[in-house]
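A.B. asks: Handing you this structure, nothing more for now.
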Amino acid sequence: MPQLYPRDDTDQLRAALLTLRRGTGLPVAFGGLVQPGGPGRMTITELAGTTTAALRGLAIHAGAGLGGKALALGLPLRVNDYPLARSISHEYDAPVGTEGLRSVVAVPVVVHRRVRAVLYGAVRQRLSLGDRLVAAAVDVARDLERRLTDTDAARTALATLRTTPAAADPAGPEWEQVRQAHAELRGLLRRIDDPELRDRLDAVADRLAGAVARPDRPPAAAPLSPRETDVLACVALGCTNADVAEQLGLRPETVKSYLRSAMRKLGAHTRLEVVVAARRAGLLP
């Protein structure tokens, strides 16, 4: 299996900060990823719109300052005058003051019930940060949460593929795990916005699908569409039409339509027949 991993989380964070600046109009944005394991702690690594390096590399501890409090509570927080705010502790007044920041919002990014990052937006004058602005910042954090969730799922699926022995029995338990990973990859492909990552994962899914194809069986005369393949990958795991619809974000009637089309193309009449035909043609693992 190819050694392929999705884009680093830092790239996702950097893109989110740029979106935060555009979406809120705040001139300064910064943030960092929470260190895995141990006590809650994050390091500010990404800066956008800053004029000094005072915040870079700053270690934020859970409960300390605005961001540390957002990290500890898992809630978005704001202060309209950072140096005078009584709702937070002031361990980080010096670097915040060096950058000249006054009004700041901090939004946690929560993935699988764990804070993975904190996004900050700030301005250099005292400003009342309204609910609409905070909501816009939260929207950016939610989008990053979705992207990180999808990336985690892609990593898990790819790790399964890499650890499956090449000589494993296609009827054995190892390949059932591979088929599960393949179905997850197919579902993720429709949600990932990064075209480069989507193309790379698509290539992995296609390579995997043909890994156990019978050499004496020619390819299907009428290749399946990407959505038909997505549906069949789920059906092959025993999912009902309702399950497939929920996993792929489709209507049950649409799932039926794709399934009927795949059956017609592969000359099958039942769900089992179409899955077997797809596997023999190298369209599914």
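A.B. asks: Based on other C-beta atoms within 10 Å, arrange Tyr82, Tyr120 from fewest to most.
C.D. replies: Ranked by crowding around the Cβ, least crowded first: Tyr82, Tyr120.
A.B. asks: Bin width 5 Å, origin at 0, all Cα-Cα pairs of the range 244-285: what percent of pairs per bin?
C.D. replies: 5, 26, 25, 22, 19, 3
A.B. asks: Another question about this same structure. Note down the net charge around Ala64, summing +1 for each Lys or Arg and -1 for each Asp or Glu among other residues with Cβ under 14 Å from its Cβ.
C.D. replies: In short, 0.
A.B. asks: Around Leu119, which amide H atoms from residues at least 5 apart in sequence, or from another chain, sit under 5 Å from its own amide H, with H modelled in the peptide plane?
C.D. replies: So Leu119 has HN proximity to Val107, Val109.
A.B. asks: Also, I was wondering about something else. Starting from the Cα-Cα distance between Thr51 and Ala94, subtract it from 0.36 nm times their residue separation and give me the gain in nm to one decimal.
C.D. replies: So the chain would gain 14.0 nm between Thr51 and Ala94.
A.B. asks: Next up: Multiply the residue gap between Thr43 and Ala72 by 0.36 nm, knock off their C-alpha separation, and tell me the result in nm, one decimal place.
C.D. replies: Separation in residues times 0.36 nm, less the Cα-Cα distance, equals 9.0 nm.
A.B. asks: With a cut-off of at most 11 other beta carbons within 10 Å, and DSSP calling the residue loop, which trypsin sites (Lys or Arg not before Pro) in the range 79-130 qualify? Please list them.
C.D. replies: Hits after loop and neighbour filter: Arg86, Arg113.
A.B. asks: Another one. May I ask you to evaluate 6.51 cos²θ - 1.76 cosθ + 1.60, the Karplus curve with θ = phi - 60°, for each residue of the range 244-251 and list the ³J(HN,Hα) values in order in whole Hz, giving x for glycine and proline?
C.D. replies: 4, 4, 5, 5, 9, x, 10, 7
A.B. asks: Want the number for Ala203 to Arg21: 0.36 nm per residue separation, take away the alpha-carbon distance, what's left?
C.D. replies: Using 0.36 nm per residue and subtracting the Cα-Cα distance, I get 62.1 nm.
A.B. asks: Please compute P(r) over all alpha-carbon pairs of the range 79-130, binned at 5 Å starting from zero, and give each bin as a whole-number percent.
C.D. replies: With a bin width of 5 Å, the distribution comes to 5, 20, 25, 24, 13, 10, 4, 0.
A.B. asks: Please list 3J(HN,Hα) in residue order for the range 83-97, calculated via the Karplus relation 6.51 cos²θ - 1.76 cosθ + 1.60 where θ = phi - 60°; whole Hz, with x for glycine and proline.
C.D. replies: Computed from phi, the couplings for the range 83-97 are x, 9, 5, 8, 7, 9, 7, 10, 5, 10, 4, 5, x, 5, x Hz.
A.B. asks: Restricting attention to the alpha-carbon atoms of the range 1-122, what are Rg (one decimal) and Dmax (integer), both in Å?
C.D. replies: Cα radius of gyration and Dmax of the range 1-122 are 14.3, 56 Å respectively.
A.B. asks: Given the convex hull of the Cα atoms of the range 106-151, what is a quarter of its surface area in nm²?
C.D. replies: Result: 3.5 nm².
Read-outs throughout are calculated quantities, based only on the coordinates presented, and are distinct from any laboratory measurement. Just so we're clear, the structure is a prediction, and the values are computed from it rather than from any experiment. All Cβ positions, even for glycine, are placed from backbone atoms using ideal geometry, and neighbour counts span all protein chains on display.
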